[in-house]
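The values are calculated or read from the model by the stated rules, or taken from the named source; none is laboratory data. Just so we're clear, the structure is a prediction, and the values are computed from it rather than from any experiment. Reconstructed Cβ throughout: ideal geometry from the backbone, glycine too, with neighbour counts over all protein chains shown. Heads up: the accessible areas ignore ligands, DNA and RNA and are worked out on the full protein's heavy atoms, side chains in. Shrake-Rupley method; radii C 1.70, N 1.55, O 1.52, S 1.80 Å.
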Amino acid sequence: MLATDLGEARGGLAVAAAVGVVVAAGEPSGAASGVLLAELGVERGRGPTMLASAPARELEEELREAGFERSDPRFARVAARGRLCWLGLPATEEALGDMSRVLEAMSAARLAIVHLPARLWPLAVGQRDLRPRAGLLRADLPADRALAALAVAELREHRLPARVAARPLGRVASRRAMAGLEVGGAVARRVSRLARGLLGPGGPPAAERGQALLMVLGAAFAILFAAALLAALGGALTATARVQRTADLAALSAARSLRDDFPRLFMAPLLSSGTPNPRHLDRREYLARAAEAAREAAGRNGVDPDRLRVSFPDTASFAPLRVRAALAGSIDTAQLPGQRGRSAGDQGSASGAIRIEASAEAAASPPSSPSVGGMPTSASGGGYSGPLAYRQGKPMRPDVALAFDRLAGAARRAGVWLAINSAYRSDAEQARLFAQHPDPRWVAPPGQSLHRCATELDLGPSSAYTWLAAHAPRFGFVKRYSWEPWH
């Protein structure tokens, strides 16, 4: 049986333990079968209790022999606690996969209850090796009504019984349940009803004999509860679709901004006169404009832009092209079908906010047509095949262009003007050049020139060679060949 906590609800582990105790207490006297409570996401180990049933101790021994021994000398990873055998595992997908090995080792067990974080719930429900029999959900109603409805619908798709524990056990009952002991009182009757609903007629014997009137009232309550769940599910699905659509549009708007601004990212920051180039965008402005486009799209679709989180998965790149838009929204349960028409007093007690989250990713494609002074914005034809930046009309990698800007600025301050004679060349261009000058000492054959990497610059004039030799290494440039000044 799978168990988890939904939303902000807490206490699901104790409820699951109490259900396990009810099942174990219903065993025939002397039967060699126990109940396992597996907890995924353990902060600290739980030690064995002094009072532990024989089936629980037998199950503990089987699991230890299967390799689930002590991992900490102070605490037991496997421990017999009252009527239960407790097993602690980390909250990982690998630990979830280990549960199949646990089940194989449980020859003396009637039931295994696996309490796991909500993020692992979809994996556990669909995992064939676990073969779950039912699902126990701990949710605060009505606040988590829509979330619970979605989880119940998922279980029903797998034809699994589902029950929702609408409130925690209480401090004393929780401590008793976690020690593997019966909780007693009205809480025990509530837990017994949960167990019967999850395990069916073959489950534990009833802790109480209901009267006919109680059965009728219970059936009526079940019908009303199912109707409320369906109404909440419909409202939640509608709101989820709207929030997802807004996230999609925000991501697309940001990607369009990246595509439109892409050429400006590689324009020279300074004009030939030394004044700032108004068409140039630095990387920070480039990303800020994309994020603003996403927020504007969210606002135009009726969503508060402050709820939108925009990130760029390839932010380490010198020219990010991917964007992710994550959106958190909420709907008022008072506006859901089945809630309308109530009095103000009724709504005040039953309404609440349902939190809905959605995300979308989009990737911009750089313009394939020439757009920077009639020159291509990306390299092709062999060698480097990424975006190109232009300095003095010569193409190069964007990071090389930024390094050259720093180099040229320092040279100007020293009274030296640098000229770029050659930069990136494709293999086809190199073939034409080699055909004109077939001397490998001065012109490399096609496919062998480092100019194809878009990292090489041939600089001049000759009056700048002395300054370059002294200062270029500070900006990341080295003189590549001793016989060729200044490559």
Exercise for the section: Please give the contour-minus-distance gain from ASP458 to VAL478: 0.36 nm per residue of separation, less the Cα-Cα distance, rounded to one decimal in nm. Expected result: 6.1 nm
Exercise for the section: Round to the nearest 10 and report in Å² the accessible area of SER462, as given by a 1.4 Å probe over the protein chains' heavy atoms. Expected result: 90
Handout entry: Label-point gap, in nm, between ASP282 and ARG131 - each point 7 angstrom along Cα→Cβ
Key = 6.4
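At R0 = 45 Å, how high is the FRET efficiency between ARG159 and GLU65 if r is their beta carbon distance? Nearest 0.05 is fine.
That gives a FRET efficiency of 0.85.
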Fill in the blank from the handout: Amide H contacts under 5 Å for ALA162, restricted to residues at least 5 apart in sequence or on another chain and with H modeled in the peptide plane, are GLY135
Exercise for the section: Within region 384-487, list the trypsin sites (Lys or Arg not before Pro) lying in a DSSP loop whose Cβ has at most 15 other Cβ atoms in a 10 Å radius. Expected result: ARG441, LYS479, ARG480
Completion exercise
For ASN421, other-chain or 5+-apart residues with amide H closer than 5 Å (H placed, Pro excluded) are ASP458, LEU459, GLY460
